[in-house]
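S.K.: Quick one: the structure is below, and I'll ask about it shortly.
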Amino acid sequence: MSTEQEIGATMDQWSRALERKDLDAMLRDYEPDAVLYDVGGAYHGLAAIRGIWEFCLPYFPPRFFSVREEVRIIAGADVAVMHCLHRFSVPDDPAHMMARSGTRATVAYRKTGGVWRVAHEHASMPFDFAKGELIVV
């Protein structure tokens, strides 16, 4: 399996865990000292990352799908970076706020013990500050 396929499998596992709202599975491939820069702030370490997901997940619709587009992976022997557009599909409510836009995601991976693990993650939402609204991407 190529590095890109290995990282792709890790990303797919995370998306399926997110759809199930399974925090343990979502965080399985994170380094203990991982950092997440998200639309809500900066979170250092697994406990902080778990805490923000525990806060956010109740606001997610009961059923949704995690969809990545324009995925690009740049990989070396033990460090890789992935960036993409991350969207949500909400089949029971296509007009749901989550289905109207997307986030830009960048994830830095480190290969530890033969496994690709998330060391750093950054997500941003396209926002028009002049209009005070999300940009549909």
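S.K.: Go through the range 42-76 and give me each residue that's aliphatic (A, V, I, L, M), assigned to a helix (DSSP H, G or I) and within 21 Å of G102 (Cβ to Cβ). Break it down into steps so the answer makes sense when it comes.
M.R.: From the range 42-76, those aliphatic (A, V, I, L, M) are 42, 46-49, 52, 57, 67, 71, 73-75; that's our starting set.
Still in the running and assigned to a helix (DSSP H, G or I): 46-49, 52, 57.
Matches in the range 42-76: I49, I52, L57.
S.K.: Select from the range 71-89 the residues that are at pLDDT below 95 and closer than 20 Å to M125 by Cβ and write down the one among them that is surrounded by the fewest Cβ atoms within 10 Å (Cβ to Cβ).
M.R.: Ranking the candidates gives S89 first.
S.K.: Of the numbered conditions (1) outside any strand (DSSP E or B); (2) without any contact (Cβ under 8 Å) to a residue 12 or more places away in the chain, D93 satisfies every one except a single condition; which is it?
M.R.: (2)
S.K.: For the range 23-41, name all the residues that are surrounded by 14 or more Cβ atoms within 10 Å (Cβ to Cβ), over 18 Å from H86 (Cα atoms) and of a type outside the set (V, I, T).
M.R.: Across the range 23-41, the qualifying residues are L23, A25, R28, D29, Y30, E31, A34.
S.K.: Can you tell me which condition P58 does not meet? The list is (1) of a type outside the set (A, V, I, L, M, F, W, C); (2) under 17 Å from A123 (Cα atoms); (3) at pLDDT below 95, and all the others hold.
M.R.: The single condition P58 does not satisfy is (2).
S.K.: Let me ask something additional. Go through the range 71-80 residue by residue and tally those that are in contact (Cβ under 8 Å) with a residue 24 or more places away in the chain and more than 13 Å from the chain's Cα centre (by Cα). So that I can check it myself, show each step before the final result.
M.R.: Within the range 71-80, the first condition is being in contact (Cβ under 8 Å) with a residue 24 or more places away in the chain, and the residues that meet it are 71, 73, 75, 77-80.
Filter again for more than 13 Å from the chain's Cα centre (by Cα), leaving 73, 75, 77-80.
Residues meeting the conditions: 6.
S.K.: Looking at (1) within 15 Å of the chain's Cα centre (by Cα); (2) of a type in the set (D, E, K, R); (3) open to solvent by 70 Å² or more (accessible area, probe 1.4 Å), which is the one condition that is false for R68?
M.R.: (3)
S.K.: Select from the range 1-30 the residues that are outside any helix (DSSP H, G or I), in contact with a helix residue (DSSP H, G or I) (Cβ under 8 Å, 6 or more places away or on another chain) and at pLDDT 95 or above and list them in ascending order.
M.R.: Quick first cut of the range 1-30, residues outside any helix (DSSP H, G or I) only: 1-2, 21-22, 28-30.
Imposing the further condition that a residue be in contact with a helix residue (DSSP H, G or I) (Cβ under 8 Å, 6 or more places away or on another chain) reduces the set to 1, 21, 28-30.
Listed by number, the residues that qualify are K21, R28, D29, Y30.
Let's see how each residue does on (1) touching a residue at least 12 places away in the same chain (Cβ under 8 Å); (2) open to solvent by 70 Å² or more (accessible area, probe 1.4 Å); (3) closer than 12 Å to A123 by Cβ:
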site: Q5; (1), (2), (3): no, yes, no
site: G8; (1), (2), (3): yes, no, no
site: Y43; (1), (2), (3): no, no, yes
site: R63; (1), (2), (3): yes, yes, no
site: R110; (1), (2), (3): yes, yes, no
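S.K.: Right, something else. Could you tell me how many of the residues in the range 6-50 are of a type in the set (V, I, T) and more than 21 Å from A77 (Cα to Cα)?
M.R.: If we filter the range 6-50 for residues that are of a type in the set (V, I, T), which is where we start, we get 7, 10, 35, 39, 49.
So of that shortlist, the ones also more than 21 Å from A77 (Cα to Cα) come out as 35, 39, 49.
Counting residues in the range 6-50 that are of a type in the set (V, I, T) and more than 21 Å from A77 (Cα to Cα) gives 3.
The values are calculated or read from the model by the stated rules, or taken from the named source; none is laboratory data. These figures come from a predicted structure and were not determined experimentally. Counting neighbours? That spans all protein chains shown, and the Cβs are built from the backbone with ideal geometry, glycine included. Keep in mind that these areas ignore ligands, DNA and RNA; they rest on the heavy atoms of the full protein, side chains included. Shrake-Rupley method; radii C 1.70, N 1.55, O 1.52, S 1.80 Å.
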